[in-house]
Amino acid sequence: MSGIIRGLTENGARTDPASPDQRLLGRTYAIPFELVWQAATRLAGGGIRGWSLWIADDQVGRIEASTNPLIGPAADIHVIIGLDQNAQTRVDVVSMSRTHRGDLGRSRRNIGLFLKRLDKILNAEPGQILDATRTPAWLER
């Protein structure tokens with residue numbers, strides 16, 4: 001689907017390790033859960049302008065927040081943080097516009113911004129951001 005049509009029809013987005021959109025790949029970090037959790041809650045709790053934290057429950061690995069941008073529709077954000085099958089920290093994000101119209105790509109940008117800022121706060125180096133679609137080299141032996 002072309003970007004223009006998608007922007008006029010989609011009002012939400014979610015991460016997927018196989019997404020063709022680089023912003024929507026989510027993250028698998030070789031960084032401890034607690035460090036990722038603390039950074040994510042700081043971001044959702046005001047570390048990004050216009051974002052407000054509703055719920056942060058580390059027992060289930062769920063953060064719920066909202067965005068209230070100066071321009072464009074508000075959105076609800078759900079961040080899921082947990083351990084994957086290889087005990088690496090996995091971060092997935094869902095952004096849903098509060099309107100029933102297309103959000104002009106705002107949800108995709110919300111996710112991309114959150115993950116980019118999360119990488120920066122964590123000082124994540126390329127070797128610490130893993131490809132979720134590949135088996136880690138240390139398991140291939």
Selection from the stretch 95-108 of residues surrounded by fewer than 18 Cβ atoms within 10 Å (Cβ to Cβ) and under 10 Å from the mean Cα position of the chain (by Cα) yields none
Residues that are of a type in the set (A, V, I, L, M, F, W, C) and either modelled with pLDDT of 95 or more or touching a His at 6+ places or on another chain (Cβ under 8 Å) (or both): list the strands (runs of 3 or more DSSP E) wholly contained in the stretch 58-141 that include at least 3 such residues. 75-83, 89-97
Please find, within the stretch 18-52, the residue that is nearest to the chain's Cα centre (by Cα) out of those that are buried (at least 18 other Cβ atoms within 10 Å of the Cβ) and in a strand (DSSP E or B). R27
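Within the stretch 109-122, does at least one residue satisfy the condition of being more than 12 Å from the chain's Cα centre (by Cα), surrounded by 13 or more Cβ atoms within 10 Å (Cβ to Cβ) and of a type in the set (D, E)?
no
The values are calculated or read from the model by the stated rules, or taken from the named source; none is laboratory data. The model shown is predicted, which means the values in this text are computed figures rather than measured ones. Backbone-built Cβ (ideal geometry, glycine too); neighbour counts: all protein chains shown.
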